[in-house]
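Reading through the structure tokens given below for one structure.
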Amino acid sequence: MESFTSQLRQVLRRLWRAPTFTCITLITLAVGVGANTAVFSVLQGVLLKPLPYPHPDELVGVWHLAPGLGLNNVNMAPSNYFIYREQNRTFEDIGVYQGDSVNITGVAEPEHVPAVDVTDGVLPVLGVSPMLGRWFNRTDDTPGSPETVLLTYGYWLRKFGGDRSAVGRTITVDGKPRQIIGVMPQQFQFLDWETPALILPIRFDRNKTALGQFSYDGIARLKPGVKLPQANGDVARMIPTVWESFPSPPGFSITLFKKAQLAPNVQSLKQDVVGDVGKLLWILMGSIGMVLLIACANAANLLLVRAEGRQQEFAIRSALGASRRRISGELLLESMVIGLCGGTLGLALAYGALRLLVALAPAGLPRVTEIGINIPVLAFTLTASLLASLLSGMIPVVRYAGSRLGTGLREGGRALSQGKERHRTRNVLVVIQVGLAFVLLICSGLMIRTFRALTHVNPGFSDPDQVQTLRLMIPEAEVKDDEKVVRMEEEIMRKIAAIQGVSSVSMANSVPMDGGQWHDPVFAQDHNYGEGEMPPLRLFKFVAPGLFQTLRVPMVVGRDFTWTDIYDKHPVAIVSENFAREYWGNPANALGKRIRVSTKDDWREIVGVVGDVHDEGMNKDAPKITYWPIYVTRFESDMVHVSRWLEFAISSPRAGSESLMKEVRPAVWSVDANLPLADVRTMGYYYTKSMARTSFTLVMLAIAGGMALLLGTVGLYGVIAYSVTQRTREIGIRIALGAQRNKITSMFVRQGLILAGVGMAFGLVVSVVTTRLLASLLFHVMPKDPMTYIVVCVGLALAAALASYLPSRRTAAVDPVEALRAE
């Protein structure tokens with residue numbers, strides 16, 4: 001112990017006496033370790049940390065495949081839920097849930113709040129008991145029973161001040177009184193959703209259930225010992241029973257459902273929560289890991305230079321009896337001290353970097369609240385620091401504390417020019433640095449090209465920052481008459497249109513890119529379909545007159561809906577240009593053609609064709625869309641379909657300002673004082689959100705590439721600078737014999753370019769493999785994009801030339817007499 005303490009004191013003393021070396025090495029490792037710690041914190045919080053429920057590995061999401069329709073993720077339907085609940089052999093319990101938002105009245109001011117609808121099995125499956133009151137039971141799920149509701153802790157505290165007597169009281173939800181039966185605990189989090197205010201029971205009527213309506217999320221808890229393949233096999237067994245137990249909806253045949261080839265896709269609930277973000281995070285972790293390797297190579301080069309300067313010291317100590325083990329131990333101890341100190345400094349950098357990461361994180365990144373510095377992250381930092389210490393410290397140990405330990409005295413003093421063999425190790429490290437930097441620069445270059453491609457795509461609408469959006473819902477319990485609902489919505493439009501600065505107003509069930517999705521098949525009257533054949537699914541939009549003008553979506557041919565179409569319930573429709581081209585070749589040919597959804601529906605005449613809109617995000621191709629009026633009859637077998645839940649779009653230069661909303665709210669409340677406004681945003685918000693993941697990946701890879709380029713350039717500069725210093729006497733002799741100074745400079749620049757060229761060749765091979773992982777994140781850019789490779793090669797070559805030129809120019813300018821005298 002005393003020997004170790006003595007060695008540690010000596011190491012610390014030597015590092016203190018070399019502040020420049022110590023600071024540069026510490027900062028180099030701190031940057032590498034800190035960046036890796038920050039990204040690992042995100043990875044651990046999002047992907048690796050278990051879900052906050054009892055036995056989370058038993059929780060699964062119940063999904064389906066439909067290869068007959070080309071769908072990989074199909075939700076649950078009420079018919080499937082009933083059969084799975086009653087006849088399964090692998091689930092402890094099963095439930096379904098659905099996102100919702102509701103109007104609350106009767107308690108202070110009216111407000112619109114997020115909610116979640118669940119069957120009685122969902123909360124027991126999660127294993128979270130109410131803090132006050134009780135869970136839902138089968139009675140709460142039964143139509144005709146008293147209406148009930150659960151409050152989440154935050155809403156209970158905000159609305160009722162934490163009053164325990166709130167349980168048993170009544171609140172009005174969407175115009176219906178509901179009894180509060182319980183309050184969820186403070187730590188309760190429903191998956192990764194925005195914390196809902198209320199939890200409502202889903203009330204399926206088994207006697208009125210038909211096949212279809214795959215719009216619910218399924219959740220289950222596996223029985224002990226059951227694995228996913230068994231659960232999938234169990235669901236596959238029950239699917240034919242579903243077809244036999246329930247009738248097909250009016251206008252659809254059972255053959256149509258069977259041809260969808262529904263199959264099970266039961267997966268872990270964590271996969272449900274995390275989605276496809278895992279691949280992105282692993283790519284970022286790998287890129288930042290490369291930065292750590294480059295930092296280690298840089299630190300190893302610095303330690304090599306330091307060890308070479310102490311070569312005579314090692315030889316003398318060896319001659320005086322010091323063992324190789326002791327000298328090796330001191331070198332490793334020095335690298336360990338530097339590594340652990342660098343890791344500590346890196347942890348501090350990671351703490352600050354995490355705040356930046358969370359701020360830059362794309363909207364919808366799951367489990368953001370789980371990200372932080374915790375025990376697993378600290379363990380990772382310690383491991384990364386020790387690994388960095390070993391990687392950077394072992395090279396000088398092997399190089400100078402091994403069999404060559406006694407050669408320092410024989411090789412003479414500093415006047416001897418170093419041979420090529422001395423440079424080989426440092427050159428290899430530089431080649432690795434340049435190669436890894438090349439890979440990261442290619443990845444960031446591909447993301448830059450992707451982002452540029454996205455910004456040059458026409459989204460189908462224009463001036464999104466000048467379109468204000470907001471949501472309103474008119475519950476059936478408050479206004480039962482369907483036509484009155486539409487007239488109220490039109491009156492709200494007219495009130496808003498009268499506000500100064502508003503150029504146009506309209507409404508729809510959803511605006512582009514807001515995530516509102518409704519897909520169903522569309523039949524064309526002039527097309528023939530086989531028995532049970534289902535046409536492709538199309539995106540449905542229910543719109544009011546003037547929407548396309550408000551969003552500046554071009555009318556290609558034909559006309560918009562009119563209020564006469566709405567109130568007289570004319571059977572009309574509008575389709576997107578790509579829909580028209582697929583069916584009839586030319587948009588003009590679509591006018592007058594008729595389409596419908598089911599065989600029980602009225603045929604609807606196409607009166608207009610509008611431009612394509614990237615409704616599902618800028619990184620996806622524009623979907624084929626069918627636009628229906630907000631008030632129709634005989635639609636999907638319903639006698640009347642009216643859109644009560646609408647999003648208003650307001651075109652105005654004042655969009656996004658509170659001054660506009662101060663005038664919009666009274667305009668809405670002048671029609672109905674019980675209508676709260678929700679999701680008040682601009683279209684620009686949705687447009688930016690659609691590119692958030694691409695921009696986040698771009699920023700992170702650009703940071704990693706920039707750090708790699710900087711570290712790689714510094715490493716190359718260091719090697720050339722050291723080479724120039726060791727060859728000062730040779731340079732002096734060359735100049736004295738008449739060598740041109742520019743020739744000497746070009747000799748070292750050529751050396752640097754050769755090293756960079758070998759590194760780029762190495763990086764080229766690696767990047768061909770690694771860029772395939774980016775393929776799913778790219779948009780209209782190939783992983784082997786030649787422009788990206790050319791720009792990166794030229795840029796890296798210029799950086800290498802500059803890093804080689806600067807040290808060689810300074811030494812080539814010395815007086816040869818002074819250089820020889822110094823030797």
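Listed by position, the strands (runs of 3 or more DSSP E) enclosed by region 628-694 that each have at least 1 residues that are modelled with pLDDT of 95 or more and of a type outside the set (D, E) are 645-651. When you look at W135, is it crowded, with 17+ Cβ neighbours inside 10 Å and closer than 27 Å to D174 by Cβ, yes or no? Considered against the rule, which asks whether it is crowded, with 17+ Cβ neighbours inside 10 Å and closer than 27 Å to D174 by Cβ, W135 comes out as yes.
This table checks each residue for (1) in contact with a Leu (Cβ under 8 Å, 6 or more places away or on another chain); (2) surrounded by fewer than 20 Cβ atoms within 10 Å (Cβ to Cβ); (3) assigned to a loop (DSSP other than H, G, I, E, B).
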residue	(1), (2), (3)
D117	yes, yes, no
P146	no, yes, yes
S165	no, yes, no
G182	yes, no, no
P185	no, yes, yes
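When you look at V96, is it of a type outside the set (S, T, N, Q) and at pLDDT below 90, yes or no? Taking the combined requirement at face value, the residue does not satisfy it. A297: touching a residue at least 40 places away in the same chain (Cβ under 8 Å), crowded, with 21+ Cβ neighbours inside 10 Å and either more than 30 Å from T28 (Cα to Cα) or not aromatic (F, W, Y) (or both), yes or no? Answer is yes for this residue. Pull up region 543-565, narrow it to residues that are closer than 23 Å to R471 by Cα and charged (D, E, K, R), then point me to the one that is surrounded by the fewest Cβ atoms within 10 Å (Cβ to Cβ). Among them, the one singled out is R552. Could you tell me whether T37 is at pLDDT below 90, out of contact with any helix residue (DSSP H, G or I) (no Cβ under 9 Å at 6 or more places or on another chain) and either on the phi < 0 side of the Ramachandran plot or not in a strand (DSSP E or B) (or both)? No, not satisfied.
Look at (1) within 19 Å of I395 (Cβ to Cβ); (2) not hydroxyl-bearing (S, T, Y); (3) not in a helix (DSSP H, G or I) and you find that I338 fails only one, number (3).
Restricting to region 566-598, what's the tally of residues that are part of a helix (DSSP H, G or I), within 17 Å of V553 (Cβ to Cβ) and open to solvent by less than 60 Å² (accessible area, probe 1.4 Å)? Qualifying residue count, region 566-598: 6.
Conditions (1) under 34 Å from the mean Cα position of the chain (by Cα); (2) surrounded by fewer than 20 Cβ atoms within 10 Å (Cβ to Cβ); (3) touching a residue at least 24 places away in the same chain (Cβ under 8 Å); (4) under 22 Å from F204 (Cβ atoms), marked per residue:
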site	(1), (2), (3), (4)
V33	yes, no, yes, no
V46	yes, no, yes, no
P54	yes, yes, yes, no
N75	yes, yes, yes, yes
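Condition check: among the basic types (K, R) and over 18 Å from V102 (Cβ atoms). Does R134 satisfy that? Answer is yes for this residue.
Kindly indicate whether T450 is more than 25 Å from W563 (Cα to Cα), at pLDDT 75 or above, surrounded by fewer than 14 Cβ atoms within 10 Å (Cβ to Cβ) and among the polar types (S, T, N, Q). Considered against the rule, which asks whether it is more than 25 Å from W563 (Cα to Cα), at pLDDT 75 or above, surrounded by fewer than 14 Cβ atoms within 10 Å (Cβ to Cβ) and among the polar types (S, T, N, Q), T450 comes out as no. If the condition is being under 24 Å from R206 (Cα atoms) and in contact (Cβ under 8 Å) with a residue 60 or more places away in the chain, then region 122-172 contributes V122, L123, V125, F136, D140, D141, T142, P143. Filtered by the rule that a residue be open to solvent by less than 40 Å² (accessible area, probe 1.4 Å) and assigned to a helix (DSSP H, G or I), region 273-285 gives V273, V274, V277, G278, L280, L281, I283, L284, M285. The set of residues in region 659-691 being under 15 Å from the mean Cα position of the chain (by Cα) and open to solvent by 20 Å² or more (accessible area, probe 1.4 Å) consists of T688, K689, S690. Applying the condition of being farther than 15 Å from Q87 by Cβ and aliphatic (A, V, I, L, M) to region 225-234 and asking which residue is surrounded by the fewest Cβ atoms within 10 Å (Cβ to Cβ) yields L228.
Looking at this structure, is R237 open to solvent by 60 Å² or more (accessible area, probe 1.4 Å) and assigned to a helix (DSSP H, G or I)? So R237 fits the description; yes. Residues G68, G95: which one is over 24 Å from the mean Cα position of the chain (by Cα) and in a loop (DSSP other than H, G, I, E, B)? Of the residues listed, the single one that is over 24 Å from the mean Cα position of the chain (by Cα) and in a loop (DSSP other than H, G, I, E, B) is G68.
Quick grid of which residues meet (1) open to solvent by less than 20 Å² (accessible area, probe 1.4 Å); (2) in contact with a Pro (Cβ under 6 Å, 6 or more places away or on another chain):
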residue	(1), (2)
G168	no, no
K176	no, no
E194	no, yes
T209	yes, yes
K223	no, no
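Among the listed residues G738, G712, G705, which satisfies the condition of being among the small types (G, A, S) and modelled with pLDDT under 75? Of G738, G712, G705, the one residue that is among the small types (G, A, S) and modelled with pLDDT under 75 is G738. For region 616-658, taking the residues that are under 14 Å from N509 (Cβ atoms) and of a type in the set (V, I, T), the one that is farthest from the chain's Cα centre (by Cα) is identified as V632.
Among the residues of region 240-267, those that are within 19 Å of P521 (Cα to Cα) and either touching a strand residue (DSSP E or B) at 6+ places or on another chain (Cβ under 8 Å) or open to solvent by less than 50 Å² (accessible area, probe 1.4 Å) (or both) comprise S248, P249, G251, F252, S253, T255, L256, F257, A260, Q261, L262. In the set (1) open to solvent by less than 20 Å² (accessible area, probe 1.4 Å); (2) touching an Asp or Glu at 6+ places or on another chain (Cβ under 8 Å); (3) modelled with pLDDT under 90, the condition left unmet by T105 is number (2).
The values are calculated or read from the model by the stated rules, or taken from the named source; none is laboratory data. Quick caveat, the model's predicted, so the values are computed rather than measured. Every residue, glycine among them, receives a Cβ derived from its backbone with ideal geometry; neighbour counts consider all protein chains shown. Quick note on the areas: whole protein, heavy atoms, side chains included, nothing else; ligands and nucleic acids left out. Shrake-Rupley method; radii C 1.70, N 1.55, O 1.52, S 1.80 Å.
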